[in-house]
Amino acid sequence: MAGKYDVIVLGAGAAGMMCAIRAGQRGRSVAVLDHAVAPGEKIRISGGGRCNFTNIHAGPKNFLSANPHFAKSALARFTPKDFLTMVESHGIAWHEKTLGQLFCDNSAKDIIRMLTDEMRAVGAELRLRTEIGGIEPVAGGGYRIATSDGALEATSLVIATGGKSIPKMGATGFAYRVAEQFGLPVVETRPGLVPLTLDPQLLQRLAPLAGIAAPAEIRHGKTAFREALLFTHRGLSGPAILQISSYWREGDEITVAIEPDIDIFITLKTARQANGRQSAQTALAEILPKRLAQHFAEGEGMSGNMADQPDRRLQQLAAAVQAWPVKPSGSEGYRTAEVTLGGVDTACLDSKTMQVKTMPGLFFIGECVDVTGWLGGYNFQWAWASGHVAGEAV
């Protein structure tokens, strides 16, 4: 099955399908190729199966990139409101959760169905179970792609194959290999939005806490996130940890403040006045889960009645809970990472079109580009926005 198209998109994920839709609306002939058996697999599993499809607050400040200005153009030209209009036009029920996160009421499959319906409506072909071989420029313009279905040609080629995160879903470093083939720089890639692991000694001390969650502020340098912290059998997880993991590097320390909205020292002082005969552990268990209170009280050697504890000791206990320095030993890696940090260097791309400056007709969009969002729908918004602006230009 050989053929010629105006546009070939490699990758039937969020960015690739959005690009195909916009290109098709402009009357371009489009084929979307993917090695998977179904489109939008990362969409399907996202948000616990409900798809956190965007964030109403999405803006350039919510993204990491070697060039923090690069994402501005695409994000301004296709906004969360634009995507929400599309969602509502398909009658998909949605709701807002914390911090501006928008989810489907029913299922992430509603978003996939919306995208495939839109593609079908504009005549974009979807070719699944298609392996990609070599890519080569064609004399006079365009690209030839060797596939398991034979050779295909297109005037414009869009790489939307994602990053390395969640390899069991078929993620590979394909986009980076294409970039290197054409001499394009790639910013070092690493797992992002990923649980952090701890050294065996600390892990052993924290073992009784596995499964406990608490509100926390996690800080790395000047960056801090306030969301839930979860203790696991391998280390630390929960939204606050996933967020800070994108900023953390091997060897760095993070600072954990549990229950950051409560002044624990003042609370303990008040408890001492009210009932000096109770233990510090009992007083702390009014604020923290019981096992967590026990861990910190024992860690600070707090024994005896509250009445016997001077302010200095209560301050030490409060600091152990709210200024706890932790040096993670590593992360759980791409296996559980929600995104890939780094990627195709934005310096070689036009921010208005996502086209490679030195290679007319070659585009990179979505997660494979060095633009990575926070947890909470931001990465989907980058996929929709970068896909849309490329679809306007192909």
Checklist entry - How many of the residues making up the stretch 191-219 are β-branched (Val, Ile, Thr), open to solvent by less than 20 Å² (accessible area, probe 1.4 Å) and part of a strand (DSSP E or B)? => result 1
Item to check | Matching residues, the stretch 88-108, being in contact (Cβ under 8 Å) with a residue 24 or more places away in the chain and aliphatic (A, V, I, L, M) | outcome: 99, 102, 108
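Yes/no matrix, rows are residues, columns are (1) without any contact (Cβ under 8 Å) to a residue 60 or more places away in the chain; (2) under 19 Å from residue 216 (Cβ atoms); (3) in a loop (DSSP other than H, G, I, E, B); (4) of a type outside the set (A, V, I, L, M):
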residue: 233; (1), (2), (3), (4): yes, yes, yes, yes
residue: 236; (1), (2), (3), (4): no, yes, no, no
residue: 242; (1), (2), (3), (4): no, yes, no, no
residue: 249; (1), (2), (3), (4): yes, no, yes, yes
residue: 257; (1), (2), (3), (4): no, yes, no, no
residue: 260; (1), (2), (3), (4): no, yes, yes, yes
Checklist entry - Can you tell me which of 89, 107 is small (Gly, Ala, Ser) and farther than 23 Å from residue 23 by Cβ? => result 107
Checklist entry - Within the set of pairs 6+ apart or on separate chains, which have a first residue in the stretch 370-394 that is over 14 Å from residue 42 (Cβ atoms), a second that is at pLDDT below 95, and C-beta atoms under 6 Å apart? => result 376/99
Item to check | strands (runs of 3 or more DSSP E) within the stretch 321-394 that include 1 or more residues touching a Gly at 6+ places or on another chain (Cβ under 6 Å), open to solvent by less than 10 Å² (accessible area, probe 1.4 Å) and over 30 Å from residue 262 (Cβ atoms) | outcome: 339-344
Item to check | Candidate set: the stretch 262-278, residues that are in contact (Cβ under 8 Å) with a residue 24 or more places away in the chain and assigned to a helix (DSSP H, G or I); chosen: the one nearest to residue 196 (Cα to Cα) | outcome: 264
Item to check | Among (1) farther than 20 Å from residue 242 by Cβ; (2) surrounded by fewer than 18 Cβ atoms within 10 Å (Cβ to Cβ); (3) β-branched (Val, Ile, Thr); (4) in contact (Cβ under 8 Å) with a residue 60 or more places away in the chain - the single one residue 85 does not satisfy | outcome: (4)
Checklist outcome for this item: Condition set in contact (Cβ under 8 Å) with a residue 60 or more places away in the chain and not in a loop (DSSP other than H, G, I, E, B), scope the stretch 279-293, selection least open to solvent (accessible area, probe 1.4 Å): answer is 292
Checklist outcome for this item: Scanning the stretch 295-320 for residues that are in contact with a Ser or Thr (Cβ under 9 Å, 6 or more places away or on another chain) and without any contact (Cβ under 8 Å) to a residue 24 or more places away in the chain gives 297, 302
Checklist entry - Given 150, 142, 133, which one is without any contact (Cβ under 8 Å) to a residue 60 or more places away in the chain and farther than 13 Å from residue 30 by Cα? => result 133
Checklist entry - Within the stretch 169-188, can you find the residues that are touching a residue at least 12 places away in the same chain (Cβ under 8 Å), part of a helix (DSSP H, G or I) and over 16 Å from residue 34 (Cβ atoms)? => result 176, 179, 181
Checklist entry - List pairs: first in the stretch 47-61 and free of Cβ contacts under 8 Å to residues at least 40 places away in the same chain and closer than 19 Å to residue 372 by Cβ, second part of a loop (DSSP other than H, G, I, E, B) and open to solvent by 10 Å² or more (accessible area, probe 1.4 Å), Cβ under 6 Å, 6+ apart or cross-chain? => result none
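The values are calculated or read from the model by the stated rules, or taken from the named source; none is laboratory data. Keep in mind it's a predicted model, so treat the numbers as computed, not measured. Ideal geometry is used to build each Cβ from the backbone, glycine not excepted, and the neighbour counts take in all protein chains shown. Heads up: the accessible areas ignore ligands, DNA and RNA and are worked out on the full protein's heavy atoms, side chains in. Shrake-Rupley method; radii C 1.70, N 1.55, O 1.52, S 1.80 Å.
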